[in-house]
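Colleague: Structure in structure tokens, see below.
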């Protein structure tokens, strides 16, 4: 049995006449939920709890997301190493195989988030990681274009489990004003994947001819083996819930329970419910968030797959183009980390996404307009990278923060990601070999996609503010009527949307 806590005394609960109803001086696992609602966790103990959670969850989330981005975007690295020519791919082979990945990726995202609580994260996630690692490794031995297409379809299906499920898993451990920074672990690692991927590719492509294998084959073989290894050890770090996390002591599990109980008025019952699933499918805010995301993701996937191709088109060698993309992704990671920290500290999204997205628009406008100055074009790539990860990552945490009800949130994340990741299909078709070296079509569509996303973001904020205003204008009688009707989740009168 956990020892009762004898630390800071929480605030007391008072009735409507000002009399003290009760005061919780100590809590243990036998303390009622009503009393837990009144308990205040001391700032020092909250800080220790978050530090403990971050010590185990942050590395797991970052590493899994990093390898997922490495394994989906190494197609661009391999193509610069001669893969498409070696397997007899058509001239549009890179575009088709980039897009085909997202055909299965977007299709199965809602399915995986809906079943996550039932199948258990510690089983589902390691299983798909190990299998997709084997698929990546097998890519190193393909002999024809049809095999590449087939493997990309399977890889898309498997990786579709990771991203939305990691988003959802974070909500099991953190409250909504902590999610932006924790989600940043994923997208910073995605940007880091660009840095690491370029450096790894530069080294492995130099192995061309070793044991009779081309350098691009070694790229797939080594990265696939690394993914399998990470998948095999990942169950150690993936807990199904805070109460089953071995790295939390009894006291810490109790504190997580306090946080869960205090947010339950919004989260509701976590048992599977078709009613909650329907709420997600009929929630306009989720679909608008998805419309924003499809614009952001079009830019993200175009950049993550084709930056190395774009830089090579500026006249750099295969190896140098891999190396030059590393600082571009590093800059993107730095900007995003700073914005994610600010988002959590000041509980804001819109005023961080908007300016960085505008800088990205300027970058693409320069790439379209300037065609004879390599230095300016390379600088424009840095501008493009400024808002790419910030927009995508903060929008995801924004959607989770404004969607309450465990099952509604889980389905909502899947819907948002399904709509958003259709951007990957678009991105695969806009950077065409016939447009090299300037890729004006790809840059123009990316610019248009970012403008599209900014428009829907403005609509989203307008609706959020309108809903908050409506709730603030409710009378006590209307609030009481809503409580009697059993309204929960983000539609409850006490839930305020963040923007």
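Colleague: Hey, what angle do you get for helix 162-173 against the long axis of the chain, alpha-carbon based, 0 to 90 degrees rounded to 10?
Modeller: Rounded to the nearest ten degrees, it is 20.
Colleague: For Cα pairs less than 8 Å apart in space and 6+ apart in sequence, what is the mean separation divided by the residue count of the chain, i.e. the relative contact order in percent?
Modeller: Working: 797 pairs, mean separation 111.4, N = 499.
So the answer I get is 22 percent.
Colleague: Hey, what number do you get for the chain at 222 nm if only DSSP H runs of n ≥ 4 count, each worth -39500 (n - 2.57), divided across all residues, to the nearest 500?
Modeller: -24500 deg cm²/dmol
Colleague: Order these by the 10 Å Cβ neighbour count, fewest first: 186, 337.
Modeller: With the fewest neighbours first, 186, 337 line up as 337, 186.
Colleague: So, one more: Just to be sure I understand the curve: with the Debye formula and one point per C-alpha of region 46-134, what is log10 I(q)/I(0) at q = 0.11, 0.15, 0.19 Å⁻¹?
Modeller: For region 46-134 at q = 0.11, 0.15, 0.19 Å⁻¹, log10 I(q)/I(0) is -0.49, -0.79, -1.04.
Colleague: At residue 63 and residue 123, where each label point lies 7 Å from the Cα along Cα→Cβ, what is the point-to-point distance in nanometres?
Modeller: 2.3
Colleague: With an 8 Å Cα cut-off and a minimum separation of 6 or more residues, compute the relative contact order for region 237-349 in percent.
Modeller: This gives 9 percent for region 237-349.
Colleague: Run the Debye formula on the Cα coordinates of region 351-499, all scatterers equal and no solvent, and tell me log10 I(q)/I(0) at q = 0.12 1/Å.
Modeller: Per q value, in the given order, log10 I(q)/I(0) is -0.64.
Colleague: Only one of the values [x] 1.01; [y] 0.98; [z] 1.06 was calculated from this structure for Rg/Rh (Cα atoms, Kirkwood Rh); name its label.
Modeller: [x]
Colleague: Consider a paramagnetic label point 7 Å from the Cα of residue 33 along Cα→Cβ; state which residues of region 392-426 have an amide N under 15 Å from it.
Modeller: What the label zone holds, given the 15 Å backbone N cut-off, is 405-407.
Colleague: Report the Stokes-Einstein translational diffusion coefficient (µm² s⁻¹, integer) for region 270-331, Rh taken as the Kirkwood radius over Cα pairs, at 25 °C with viscosity 0.890 mPa s.
Modeller: Details: Rh = 14.7 Å.
It comes out at roughly 167 µm²/s.
Colleague: Kirkwood Rh and Cα-based Rg: tell me the resulting Rg over Rh for region 435-499, rounded to two decimals.
Modeller: That ratio equals 1.37.
Colleague: By average Cβ neighbour count within 10 Å, what is the ranking of 94-104, 464-474 from highest down?
Modeller: Ranking the peptides 94-104, 464-474 by packing returns 94-104, 464-474.
Just so you know, all these numbers are worked out from the coordinates, no wet-lab data involved. Note that the coordinates shown come from a computational prediction; the quantities given were computed from them, not determined experimentally. Methodologically, a virtual Cβ is constructed for each residue, glycine included, from the backbone with ideal geometry; neighbour enumeration extends over all protein chains shown.
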